[in-house]
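Down below is the structure, laid out as structure tokens.
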């Protein structure tokens with residue numbers, strides 16, 4: 001399987017490892033193939049093991065980032081409700097007063113953190129000033145919600161924003177570490193393809209079966225059309241897609257990214273479906289908790305090593 005992105009590295013390396021084992025067997029004990037830098041088959045296996053571990057680490061950190069993002073969205077929504085309740089309460093209790101004129105505009109949920117928090121801070125300050133006026137009863141919102149609780153919630157939002165920034169930095173570092181391992185592996189595979197054929201005749205089966213690193217040109221399949229919904233009955237995402245008519249179809253792969261932004265650098269394989277199988281899967285990858293958002297694509301993968309991704313489908317977990 002040629003390399004087409006991060007998700008293809010593991011199966012590609014496994015194919016090379018299998019081929020390398022056949023080469024070492026053919027060369028005989030004591031004559032095994034060793035690449036420049038004293039890289040043997042075991043060294044490539046070690047690199048693969050490190051990549052598998054790092055891929056898991058990347059996914060865990062991306063999940064942590066998205067959980068932090070979901071936490072912020074919940075906190076923002078709750079605080080927007082309270083901000084609107086406060087403004088409505090002040091307008092009702094103190095019509096035409098300086099307090100009404102001092103009310104800030106409530107931000108929209110998608111504002112940047114700085115623009116979102118500023119009017120919330122203004123509300124907290126104004127709430128405290130109103131409560132300090134002996135001529136006005138303390139402002140209490142629905143459910144006995146008081147200014148002290150509000151200020152705690154605003155502080156919690158700020159802390160959550162810091163946690164999200166840290167999680168984003170951690171996932172970025174993990175991706176770069178994964179990319180470094182991939183680059184190292186790629187160099188080994190290039191070296192293998194260069195050196196291995198020199199040990200056999202050009203027509204030898206091992207030379208003719210040498211794994212590819214890049215797909216054949218001009219063989220990119222057409223994309224399928226994907227759709228997705230949250231399936232209440234199963235409590236999972238239901239992904240469906242149209243059938244590929246490519247005669248070289250090897251399999252479909254459903255890939256996902258945690259969060260609303262799909263990136264081929266962050267995608268992971270959620271499911272593989274053989275030709276002729278049901279064009280539908282139920283999965284919860286990228287949707288660990290209520291409020292989580294994940295994006296999905298369905299890839300057509302051919303026996304020539306080419307692939308093409310579908311449109312992106314976004315699903316939110318209620």
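All of the numbers you see were taken from the coordinates with simple rules; none came from a lab. None of these values were measured; they are calculated from a predicted model. Backbone-built Cβ (ideal geometry, glycine too); neighbour counts: all protein chains shown.
At a Förster distance of 25 Å, what's the computed FRET efficiency of residue 289 paired with residue 225, Cβ-Cβ distance as r, to 0.05?
0.30
Exposure proxy check: 236, 196 ranked by fewest other beta carbons within 10 Å?
236, 196
Helix 9-27 against the longest principal axis of the chain: what's the angle in degrees, Cα atoms only, rounded to the nearest 10?
Relative to the chain, helix 9-27 is tipped by roughly 20 degrees.
Note the full-extension length gain between residue 177 and residue 25 as 0.36 nm times their separation in residues minus their Cα-Cα distance, in nm to one decimal.
51.4 nm
Over the stretch 216-318, what is the relative contact order in whole percent, taking alpha-carbon pairs under 8 Å and six or more residues apart?
RCO, the stretch 216-318: 36 percent.
With a 10 Å cut-off between alpha carbons and a GNM built on the chain, which of 160, 132, 83 moves the most?
In the Gaussian network model the winner is 132.
Mind giving me the nanometre distance, one decimal, between the label points for residue 314 and residue 200, set 7 Å out from Cα along Cα→Cβ?
Result: 5.0 nm between the two label points.
Residue 263 to residue 233: extension gain in nm, 0.36 nm per residue of separation minus the Cα-Cα distance?
The residue 263-residue 233 span can extend by a further 7.9 nm.
Starting with the fewest neighbours, write out 66, 265 ranked by other beta-carbon atoms found within 10 Å of each beta-carbon. Could you put the intermediate results ahead of the total?
Details: 66 25, 265 11.
Ascending number of Cβ neighbours within 10 Å: 265, 66.
Below 8 Å between Cα atoms, with a sequence gap of 6+, how large is the relative contact order for the chain in percent?
Over the chain, the number comes to 20 percent.
Is any residue of the stretch 265-306 close enough, with backbone N under 13 Å, to a label point placed 7 angstrom from the Cα of residue 186 along the Cα-Cβ axis, and if so, which?
265
So what's the angle, to the nearest 10 degrees on a 0 to 90 scale, between helix 113-132 and the longest Cα principal axis of the chain?
20 degrees
Take the alpha-carbon centre of the stretch 19-88, take the same for the stretch 132-185, and report the distance between them in whole Å.
25 Å
Please rank 299, 150, 262, 145, fewest neighbouring Cβ atoms within 10 Å first, as an exposure proxy.
145, 262, 150, 299
Subtract the Cα-Cα distance of residue 98 and residue 216 from 0.36 nm times their separation in residues, and report this length gain in nm to one decimal.
35.2 nm
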